[in-house]
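A short reminder: the numbers here are calculations on the coordinates, not readings from a lab. All values reported here derive from a predicted model rather than from experimental measurement. Glycine gets a Cβ as well: all are built from the backbone with ideal geometry, and neighbour counts include every protein chain shown.
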Amino acid sequence: MADTAKEPLRAVKGMNDILPPATASWQHLESTIRRLMDRYGYGEVRTPIVEPTALFVRGLGEVTDIVEKEMYAFEDSLNGDRLSLRPENTAGVVRAAIEHSLLHDGGKRLFYLGPMFRHERPQKGRSRQFHQFGAEALGFAGPDVDAEMILMLRALWRELGFVEDRDVRLELNSLGAPAERRAHREALVAYLEARRDALDDDSRRRLHTNPLRVLDSKNPDLQSLIEQAPRLIDHLGPASREHFDGLRAVLDAAGLPYRVNPRLVRGLDYYSLTVFEWVTDRLGAQGTVCGGGRYDGLFELLGGKPTPGVGFGMGMERVLLLMQEVGRAASMRPPSLYAILPSPASLPRALVAIEALRASGHSVLMNAGQGSMKAQFRRADGSGASHALIFGEDEMARGEVAVKALRDENEPQRSVPLDDLVAWAAAVLPR
């Protein structure tokens, strides 16, 4: 059969390529996160992208939106196992901690960076493959670690150039202990049942399966009804109140402003006690930048021993959009030098000199392929390099390279011996 032209293949909808120069902002965010995690004593954990579907059904809850609507779940064609692309990573980190007895010698502070997957409608800052930074403190029960985690996020915002209470602000709530949530649930269901006709279809569906999620509805017609609903914070017992007050005392002492939001809930079943969100008004209706809280029951749900835990997840695309919005997006660093080769005959010796410069820590972009001197100088100027290295035949015959400043018209062109090129670069160029 004769070969025919084929239509180019495209990426899966909602799963986006990340290309230069955009990758510069990603690298800046990732390196900032890694430096911060090192200062706070968090070690990196890397879990599989594919996990047993049961991990998320048990950990997140069967009636959550993620499990019901958004997970990429499939059957392994080789052995029939039910598998899913991870929609979040807290359950995976806890699974790994249980499987490898990670807490045998005490609590652990862990963080992760990586892709997650949810089958939802792609929109600004939300893709079907998205990237998340998260941290989990496992084995620590007190409000001090909750507070430390929130203050760690404040430190991250500051390093990224955000101003708290202007670019981002903190909201807090407590979901209490299981018995307190059950008492609140009964009161909430009775309240909503009495107003069933006023609920939308989504809220009626959640009424008896996950009524807390009704409080998280964004339907403007329900806001008055939600505002008057029973508040979980009014059902807290002494121990839960003490935990919440302890958290607030640390944040107050640190001078971190926050708002107690009694309607703040998390969409996953494993949360208890502290919940928090960092939100912004700069990105439209989808204002949550980071959310987290305490999940003291998750280890037991996944077959482990009772173990406290607290953590958060942050959509990196959302943070990058916010960096762009406040004028803090990073740009690619230009090369220090641009190598111009008038003749292919110069390439062998020129490449040796260029590799020596790179080995000493300088970035050098080499003109690839042929082109006129005028075209090569135009590319050199457009690269952002501070100097051009001209490996001309006459210079090479003398064992030299011509150096031309591209940013300073007052700096004269000079010739530098090839053997002295690394020393010249060390003296003249910043690294």
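Does segment 321-387 come out rounded, prolate or oblate by the C-alpha gyration tensor, with a ≥ b ≥ c the root eigenvalues, rounded set by a/c under 1.5 and, if not, prolate when a/b is larger than b/c and oblate if not? Cα axes put segment 321-387 in the oblate bin. Cα centroid distance between segment 70-138 and segment 164-189, in Å? Using only Cα atoms to place each centre, the spacing works out to 24 Å.
Net charge of the neighbourhood of Gly303, taken over other residues with C-beta under 12 Å away and scored Lys/Arg +1, Asp/Glu -1, is +1.
Taking amide H positions as modeled 1.01 Å from N, with prolines and chain starts lacking one, the residues under 5 Å from Val401 and 5 or more places away or on another chain are Val416, Leu418. For Lys374, the lysines whose Cα falls under 18 Å of its own Cα, not counting residues fewer than eight places away in the same chain, are Lys404. Restricting the calculation to Cα atoms, the chain shows an Rg/Rh of 1.10 when the hydrodynamic-style radius is the Kirkwood one.
Residues Glu148, Glu186, ranked from the fewest to the most other C-beta atoms within 10 Å, line up as Glu186, Glu148. Taking chymotrypsin sites (Phe, Trp or Tyr not before Pro) across segment 209-312, none is in a DSSP loop with at most 16 further Cβ atoms lying within 10 angstrom of its Cβ. Restricting segment 49-139 to trypsin sites (Lys or Arg not before Pro) that sit in a DSSP loop and have at most 16 other Cβ atoms within 10 Å of their own Cβ leaves Lys124. Structural descriptor for the chain: relative contact order 15 percent, calculated from alpha carbon pairs under 8 angstrom and at least 6 residues apart.
Here's the picture: charge each Lys and Arg Cβ at +1 and each Asp and Glu Cβ at -1 in segment 337-428, and of His362, Leu337, Ser372 the one pushed furthest to the positive end of that dipole is Ser372. Ranking Gly399, Ser415, Pro430 by how far each Cα lies toward the positive end of the dipole of segment 383-430 (charges on Cβ) leaves Pro430 at the top. Listed by chain and number, the lysines whose alpha-carbon sits under 30 Å from that of Lys13, ignoring those within fewer than 8 places in the same chain, are Lys69, Lys124, Lys218. Alpha carbon centre of segment 206-249 versus segment 386-407: separation in Å? A separation of 70 Å, based on Cα centres.
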